[in-house]
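Single-structure report; data block below.
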Amino acid sequence: MLHIVGRLIRWTGRYRKRIYTGFVYAFLHSVFTAMPIVLTAYGLSLVLEDFNGTQPLQVHTIWYLLLGMIAAVLGKFLFSYLRSITQESVGYEATAKQRIRLGDILKRVSLGFFGQNNLGELTSAVTTDLSFMEMFAMNMINTVVNGYIMVITLIVCLGFYCLPAGIISLAGVLLSALFLNLLEKRSRKNAPIHQKAQDDMVESSIEYLRGMQVVKAFKQEGASVNGIRKAYGDSKKINIKMEREYMPLNCLHLFSLKAASVAMVAVSAWLTIRGNITLPTLLMMAIFSFMIFDSVEVMNNAAHVLEVIDTTLNKLERIGRAKFIDEEGKDIPLSAYDISFRDVSFAYDQKPVLQDISFDILQGSTTAIVGPSGSGKTTICNLIARFYDVNSGSVSVGGVDVRELTCDSLLYHISMVFQRVYLFHDTIENNIRFGNPQATREQITESAKKARCHDFITALPDGYQTVVGEGGSSLSGGEKQRISIARAILKNAPIVILDEATASVDPENEHLIQQAISELTVGKTVIVIAHRLATIENADQILVVDGGHIVQKGTHRELIQHEGLYKKFIDIRERAEGWSIAK
């Protein structure tokens, strides 16, 4: 257990000095805990001497004993308070710092990291795991280290008055430590299984809740609940299994301490009968026997909790070792915003998506990317924003390879509007302000007007202070889309990427969104993924992507005159947009 406690102390970083200071307070607390018992035994010996006529009890001695008792009680509570305020808050402060650190790490890793790692594991790491650390980390340090400080201090005090009783109490603690060590080994084997069960529960719960709409629509409550039921069942089984395995060792741990308590009193009584120790000392031994092992008895729970903490620390360290995608990047100022792909190839794990593609996007121009699903359109945009790094070739912005830039310095120059808009559970004003945290209320309102969302926002009961549901669930798709465009307008970045921004909205909203996009893209370098003819026909350049290759390149007028994928694509779109219900 102590090696995990040491690891836990190292995890707290710069707060460890406060933990060490807390150990000193714990020692002084132990001393003041023993003092009332020692003073009681001393006072009783004086009373017996006075009763036997050996030495009269002086009034001032009584006052000294009373003051000593008061000082002992006050000292005990004082150092308990000092230890608590010094140590207990460390867990909350260290955990808060760790959450921010994990957020920075996850923000700077490649998006491929999220595909390679279990979503439930990552989610539980920043939620339930760190909450567990927050609640139990300092408690375990207090239980183990301060617990042993307490019992060792009391054993030393005990041995000073009765060496055999001190030896017996030490033997009881050592025997207890042996059973705790066996319990720790069992916990070490079960902790990873327990952690995986927790991760699976989190992942299954998230999946079940996210898919609730589909579950209800297809009336598959029974089928969909199988996964979550299995995850909860596995968690129940591992917890019951651990309790059954730990119970015998728990009992042996507690038995060794209780047996030592009984042996202490028995030996002290025998020594008293033989005249080796006095009656007051026997009374002190009896009092000590009731409370000397209190701080050690609770360590049976600590053995398992510490192993879970050890497993959690392994996970946090594994996430902490994740390689930043911009680890070698620098904050290089960009003076131009043309984009160039040179012989770029890219694959998700082992699945090739782009193969030796090259093209240029001139600054201030609009480039539309079209092609069938899975052809690599969104991947091109992801590579421009450096959500992933290319496997070979290069992507440059303003003549600078994006791999030379930090993600922050690159994305500072890019605004992105996605097909699936995510709004935070916050006010509409703050959701728009996300594009520029320093923006004034007037700038936010102006951006909303340009994005054609000012009118519907002011019609809401609380206007810009209306709190939207998680993900923007209280707004329609078109309303969310226009707010995301207002956010992008407020950012006012020179490069704009539109990924199917009008794909899933009704005609009325599409008209408003097209107007909003026109406001957003004035004078910008624009990359747009779209299937609607109205969105792409005026583009300065159209890239037709198929099977990871650029199979056609040109303007709408040029491409429509030649047989090929683009002409087929336009024909299909025109037929789809001109459909009518048969009579």
Expected 222 nm ellipticity per residue - DSSP helices of 4 or more, -39500 (n - 2.57), all of the chain, to 500 | -21000 deg cm²/dmol
Could you please rank Ile105, Ile517, placing first whichever residue has the fewest other Cβ atoms within 10 Å of its Cβ?
-> Ile105, Ile517
Using a 10 Å Cβ count of at most 11 others and DSSP loop calls, identify the longest part of the chain lacking such chymotrypsin sites (Phe, Trp or Tyr not before Pro).
-> 1-421
For segment 350-432, what does the alpha-carbon gyration tensor say about shape, rounded, prolate or oblate, given a ≥ b ≥ c as the root eigenvalues, a/c under 1.5 as rounded, and a/b over b/c as prolate?
-> prolate
Using the Cα gyration tensor of segment 1-142, with a ≥ b ≥ c the square roots of its eigenvalues, what is the shape: rounded (a/c below 1.5), prolate (a/b larger than b/c) or oblate (neither)?
-> prolate
Can you sort Met299, Met416 so the residue with the fewest Cβ neighbours within 10 Å comes first?
-> Met416, Met299
Once fully extended, how much extra length lies between Asn314 and Ser365, figured as 0.36 nm per residue of separation less the alpha-carbon to alpha-carbon distance?
-> 13.5 nm
Between Gln514 and Ala259, what is the label-to-label distance in nm when each label sits 7 Å out along the Cα-to-Cβ direction?
-> 8.7 nm
Rg to Rh, two decimals, where segment 228-321 supplies the alpha carbon set and Rh follows Kirkwood = 1.27
Starting from the Cα of Gln561, step 7 Å along the direction of its Cβ; do the same at Leu460; then give the gap between the two resulting points in nm.
-> 4.9 nm
Before anything else, pin down the relative contact order of segment 2-320: Cα pairs under 8 Å, at least 6 apart, normalised by residue count, whole percent.
-> 27 percent
Are there any helices in the chain, counted as whole DSSP H runs, that stretch 15 Å or more along their axis by Cα and score at least 0.5 on average by Kyte-Doolittle, and if so which?
-> 16-51, 130-141, 147-161, 279-291
Compute the distance in nm between two label points, each set 7 Å from the Cα along the Cα-to-Cβ direction, one at Leu334 and one at Gln58.
-> 8.8 nm
Ignoring GluC sites (Glu not before Pro) buried by more than 16 other Cβ within 10 Å or outside DSSP loops, the longest site-free run in the chain is 1-326
Select from segment 236-343 those trypsin sites (Lys or Arg not before Pro) which occupy a DSSP coil region and have at most 11 other Cβ atoms within 10 Å, ordered by residue number.
-> Arg274, Arg321, Lys323
About the Cα centre, charge dipole magnitude for segment 380-448 (Lys/Arg +1, Asp/Glu -1 at Cβ), debye = 140 debye
Taking only the C-alpha atoms, wrap a convex hull around the chain and report its volume per residue in Å³ as a whole number.
-> 221 Å³
Return a whole-number percent for the relative contact order of segment 339-577, with Cα pairs under 8 Å and 6 or more residues apart as the contact set.
-> 26 percent
Would you mind estimating how fast segment 339-577 diffuses translationally, via Stokes-Einstein at 4 °C and 1.567 mPa s with the Kirkwood radius over Cα pairs, in µm²/s?
-> 70 µm²/s
Shape call, segment 362-410: gyration tensor on alpha carbons, a/c limit 1.5 | oblate
Percent relative contact order for the chain, counting Cα pairs under 8 Å at least six residues apart, stands at 13 percent
Arranged by the count of other C-beta atoms within 10 angstrom, fewest first, what order do Ser484, Ser89 take?
-> Ser89, Ser484
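Readers should treat all values here as calculations from the given coordinates under stated rules, not as data from a laboratory. Given the structure is predicted, the values throughout are model-derived calculations rather than measurements. We place every Cβ from the backbone using ideal geometry, glycine too, and count neighbours over all the protein chains shown.
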